[in-house]
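The values are calculated or read from the model by the stated rules, or taken from the named source; none is laboratory data. The structure presented is a predicted model; accordingly, all values stated were derived computationally and were not measured. Cβ coordinates were reconstructed from backbone atoms using ideal geometry, including for glycine residues, and neighbour counts include every protein chain displayed. Keep in mind that these areas ignore ligands, DNA and RNA; they rest on the heavy atoms of the full protein, side chains included. Shrake-Rupley method; radii C 1.70, N 1.55, O 1.52, S 1.80 Å.
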Amino acid sequence: MASIRLLISESFDPWFNLAVEEAIFRQMSVKQRVMFLWRNNDTVVIGRAQNPWRECNTRKMVQDGVKLARRRSGGGAVFHDLGNSCFTFMAGKPAYNKTVSTQIIIAGLAELGVIAQVAGRNDLVIRSAHGEHKISGSAYFETHDRGFHHGTLLINTDLNRLASYLNPDPKKLISKGIASVRSRVMSLAEIDAGITHQKVCNAFANNFFNYYGEVVKAEIISPTNMPDLPGFIDIYAKQSSWEWNFGQAPTFSHILDTRFVWGGVELYFDIDKGKISASKIYTDSLDPSPLELFSQKLIGKRYQPATIKEIIAEIQVQYPDLNQQLIQLENWLVNEIT
């Protein structure tokens, strides 16, 4: 068995790639050193302990068909498109060493003519007369006998889109999660327009081989060309599920208020693991009964637009004379929590 392994994904599905990463990590020999290279299309990836409603403009993501994916590691929210390359280094302990993988990345970038330096807790930057610019961020995950270091590299990412998806709407959120630190970033294409994902893969592979003094054939992975990865189907099901991507959010509160012709409404939610754990409504409506019933029915349900639509439909049956008011309430709330 070779002491190193190189895998390259041809899929752009974030749930597929993160599931492959986890499956490899679980089944790899602790004696092997693994490098996995991949890309995601139109995705916001959040850290394991982050709140997607706090970190992301979820409304714009839905409108533009941008996926949300939660990774196992910590760190902040990042936007991925095909101008962003991802890397993962895995190793068993005690050989697992973040410094080694960082050295391989820096050497690979140097091969491409990019001089990068380590900055902060997990970033790579380029320093120039114009200041310091982040080109790569990393996160880490460890178990008792192995660990991985994965990260992103901005090649020609659409930075305008990056900013729009990572700047949340001004919602009244009180979060116990950790807000991402926004950094000033740049793409490598601003340095050299000829740098591509394939060139990055080649440079990283060369320096991975050089460091370990061994060369192996790259294993190309896609949904139709899978290596033997025990448990992959179950891991993918979890990775693509609402429960994992949204339901793992830390406890937070959301306060909404508006005024309709028929009265003002204030709605207070507590959300725990993506479900509404408490709900209270205040209104000067002449008939508050349907609104109070609506608030009660929210408890224990998922914090998502489908919940609002489902409950409003139930209440419309009981209060047909208030149908127009309930439709207005639904439209407002669906727009607010999307």
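There is at least one residue in the stretch 193-216 that is touching a Phe, Trp or Tyr at 6+ places or on another chain (Cβ under 7 Å) and closer than 30 Å to HIS133 by Cβ. State whether one or more residues within the stretch 312-322 are touching an Asp or Glu at 6+ places or on another chain (Cβ under 8 Å), among the aliphatic types (A, V, I, L, M) and without any contact (Cβ under 8 Å) to a residue 24 or more places away in the chain. Yes, there is a match, as at least one residue in the stretch 312-322 is touching an Asp or Glu at 6+ places or on another chain (Cβ under 8 Å), among the aliphatic types (A, V, I, L, M) and without any contact (Cβ under 8 Å) to a residue 24 or more places away in the chain. Considering only residues in the stretch 208-252 that are assigned to a strand (DSSP E or B) and open to solvent by less than 30 Å² (accessible area, probe 1.4 Å), the one that is nearest to GLN304 (Cα to Cα) turns out to be PHE252. Cβ separations smaller than 8 Å between residues 6+ apart or across chains give the following pairs from the stretch 225-253 residues that are on the phi > 0 side of the Ramachandran plot to residues that are open to solvent by less than 40 Å² (accessible area, probe 1.4 Å): GLY231/ALA23.
Checking ARG161, ARG121, ARG127 one by one, the residue that is part of a strand (DSSP E or B) and either at pLDDT below 90 or not aromatic (Phe, Trp, Tyr) (or both) is ARG127 and no other. The residues of the stretch 275-320 that are buried (at least 16 other Cβ atoms within 10 Å of the Cβ), aliphatic (A, V, I, L, M) and under 30 Å from the mean Cα position of the chain (by Cα), listed by number, are ILE276, LEU298, ILE308, ILE311.
Only a single item in (1) out of contact with any strand residue (DSSP E or B) (no Cβ under 9 Å at 6 or more places or on another chain); (2) surrounded by 16 or more Cβ atoms within 10 Å (Cβ to Cβ) is not met by ASN323, and it is number (2). Cβ-Cβ distances below 9 Å connect the following pairs, each with a first residue in the stretch 281-310 that is within 19 Å of THR258 (Cβ to Cβ), a second residue that is among the aromatic types (Phe, Trp, Tyr) and buried (at least 19 other Cβ atoms within 10 Å of the Cβ), and a separation of six or more residues or different chains: ILE281/PHE294; LEU298/PHE269; TYR303/TRP53; TYR303/PHE246; TYR303/PHE269; ILE308/PHE294.
The residue of the stretch 253-296 that is modelled with the lowest pLDDT, among those that are assigned to a loop (DSSP other than H, G, I, E, B) and of a type in the set (Gly, Ala, Ser), is SER285. One residue stands out among those in the stretch 121-143 that are in contact (Cβ under 8 Å) with a residue 12 or more places away in the chain and open to solvent by 50 Å² or more (accessible area, probe 1.4 Å): the one that is nearest to LYS93 (Cα to Cα), which is GLU142. Residues in the stretch 96-118 that are among the hydroxyl-bearing types (Ser, Thr, Tyr) and either part of a strand (DSSP E or B) or without any contact (Cβ under 8 Å) to a residue 24 or more places away in the chain (or both): THR99 only. Scanning the stretch 17-45 for residues that are touching a Lys or Arg at 6+ places or on another chain (Cβ under 9 Å), in contact (Cβ under 8 Å) with a residue 40 or more places away in the chain and among the β-branched types (Val, Ile, Thr) returns ILE24, VAL30, VAL34, VAL44.
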